[in-house]
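Everything below concerns the one structure shown next.
The values are calculated or read from the model by the stated rules, or taken from the named source; none is laboratory data. Predicted model only: the values in this text are computed from it and were never measured. All Cβ positions, glycine included, derive from the backbone under ideal geometry; neighbour counts span all protein chains shown. Heads up: the accessible areas ignore ligands, DNA and RNA and are worked out on the full protein's heavy atoms, side chains in. Shrake-Rupley method; radii C 1.70, N 1.55, O 1.52, S 1.80 Å.
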Amino acid sequence: MKFIGWNTYIDREGVLYVGLFINNKLNGKGLKYNLDKDCLYKGDFLNFKRHGNGKYWKNSSTYEGQFNNDKKHGQGKITFETGDVYIGEFKNNTINGFGQYIWKNGKHIYKGNFLNGKFHGEGLYKWEDNEYFKGTYCNGVKEGKGEIGYNNGKKCYVNFKKGKPDGKGILIDENKNKIEVEFVDGIMIKNND
């Protein structure tokens, strides 16, 4: 059987395809529904693969954005089953590049670089009460120079090691006074006040 033009096709695994067929393959706008995996895709296809712009639903999560060779690739937005949202870059089906992650409660937001789905490189993490961390992450962990902002107006500039403040730093109080501080394994051991 030859498929040309707008058509419907069900493959051996029971996956339903509806859309524009060229040379016996789904090419252009279409729809793919897989009942067994409870997933639906509506958008652009190239040779039966998601390619271009589209929207993908699986269970209670959704992705809307760019695809390349059946993978999330380029700019997109994913809403997870938990209600958390990521908006930004994807590479080879993974969160990679610059983006923003917003937790369901809206009180925690990370904006910065990602590598393989983890915070990696420069980033800004804000949580409720206007407190924040701005600095470098390595595989999801604070590492290197960082700035902590407190809701009372204080700021602390210090290095991080394995996610915790470590070494000498400067604390700037609410009156803009600079105070030398020192941390060991996340605990302040010196405060030259």
_I need a count of the residues in the stretch 1-25 that are open to solvent by 100 Å² or more (accessible area, probe 1.4 Å), out of contact with any Leu (no Cβ under 6 Å at 6 or more places or on another chain) and closer than 25 Å to Asp38 by Cβ._
2
_Odd one out for Gly112, checked against (1) in contact (Cβ under 8 Å) with a residue 24 or more places away in the chain; (2) surrounded by fewer than 14 Cβ atoms within 10 Å (Cβ to Cβ)_ = (2)
*So Glu147 fits all but one of (1) among the acidic types (Asp, Glu); (2) open to solvent by less than 30 Å² (accessible area, probe 1.4 Å); (3) closer than 30 Å to Tyr63 by Cα; what number is the exception?*
(3)
*Taking the options Leu124, Leu171, name whichever one is under 25 Å from Val85 (Cβ atoms), open to solvent by less than 70 Å² (accessible area, probe 1.4 Å) and either part of a strand (DSSP E or B) or modelled with pLDDT of 95 or more (or both).*
Leu124
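Can we say Lys154 is open to solvent by 40 Å² or more (accessible area, probe 1.4 Å) and touching a Leu at 6+ places or on another chain (Cβ under 7 Å)?
Details: open to solvent by 40 Å² or more (accessible area, probe 1.4 Å): yes; touching a Leu at 6+ places or on another chain (Cβ under 7 Å): yes.
Spelling it out, Lys154 is indeed open to solvent by 40 Å² or more (accessible area, probe 1.4 Å) and touching a Leu at 6+ places or on another chain (Cβ under 7 Å).
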_All positions within the stretch 26-48 that are at pLDDT 90 or above and surrounded by fewer than 18 Cβ atoms within 10 Å (Cβ to Cβ)_ = Gly28, Lys29, Leu31, Tyr33, Asn34, Cys39, Leu40, Lys42, Leu46, Asn47
*Could you figure out which of (1) in a strand (DSSP E or B); (2) farther than 17 Å from Lys118 by Cα; (3) open to solvent by 60 Å² or more (accessible area, probe 1.4 Å) isn't true of Lys77?*
(2)
*Among the numbered criteria (1) within 18 Å of the chain's Cα centre (by Cα); (2) open to solvent by 20 Å² or more (accessible area, probe 1.4 Å), which single criterion is violated by Asn130?*
(1)
*Qualifying positions in the stretch 51-73 - open to solvent by 80 Å² or more (accessible area, probe 1.4 Å) and assigned to a loop (DSSP other than H, G, I, E, B)*: Asn59, Ser60, Asn69
*Out of (1) open to solvent by 80 Å² or more (accessible area, probe 1.4 Å); (2) assigned to a strand (DSSP E or B), what's the single condition that is false for Gln100?*
(1)
